[in-house]
Amino acid sequence: MSADIPTPEQAIAETRAWIEHAVIGLNLCPFAKAVHTKGQIRYVVSDDTDPEDLLNTLCEELQRLADTDPAEVDTTLIIHPQVLGDFLDYNDFLEMADAAVEDMGLEGVVQVASFHPQYQFEGTAPDDVSNASNRSPYPTLHLLREDSVDRAVDAFPEAERIYEANIATLEKLGPQGWAELQARIKQDAKK
């Protein structure tokens, strides 16, 4: 395996460390801790190198999640380090992902959230620290059950303020703090 392409174990270890240190550690998603603690996150590392193949993997995983008991797997992360490394290409792919959800009759059942190492919100500069809220170690498609999202939002007062809180957290951390956190994530993933 090429030095630039992680082994599946490395990709999962780094993604788990990112979830623990950034997503949960910075409370970027107040809903993540429960499914992480209960072991209800399915990690899939795709070796796809073509967007069409990734779309097929996505469809398989969408169906698998819809067919699986939520107590066993509540959410799925499809980590795809070999395809859609360019954020603009990845962003374009998300339209196909949403169309697949609709075509499979899973609209209102499962949604696809997006994470990417180069994630950039519209209207922000590439180096704006607010982009870090959606920056993962590798391009990642996050499959979420709509029922779980609805329950989490109902249980969390003022869920619409999560984005604002994330921006404040990341601005307080700053670019240097984010870089240090990324170094810790890489280090912890090697353990």
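Miscellaneous remarks
- Scanning the range 57-90 for residues being closer than 19 Å to Glu107 by Cβ and over 15 Å from the mean Cα position of the chain (by Cα) gives a total of 9.
- No other residue among Val153, Val101, Val83 is of a type outside the set (Lys, Arg) and assigned to a loop (DSSP other than H, G, I, E, B) apart from Val83.
- Count of the range 110-125 residues which are closer than 19 Å to Cys29 by Cα and surrounded by fewer than 14 Cβ atoms within 10 Å (Cβ to Cβ): 1
- The requirement of being at pLDDT 95 or above, within 20 Å of Asp53 (Cβ to Cβ) and not small (Gly, Ala, Ser) is fulfilled somewhere in the range 143-165, by at least one residue.
- Cross-chain or 6+ apart pairs with Cβ under 8 Å, the range 108-131 first and of a type in the set (D, E, K, R), then assigned to a loop (DSSP other than H, G, I, E, B) and buried (at least 18 other Cβ atoms within 10 Å of the Cβ): Asp128/Gln120
The values are calculated or read from the model by the stated rules, or taken from the named source; none is laboratory data. In this text the structure is predicted, and so the values were computed from the model without any measurement. For neighbour counting, all protein chains shown are included, and Cβ atoms are generated from backbone atoms with ideal geometry for every residue, glycine included.
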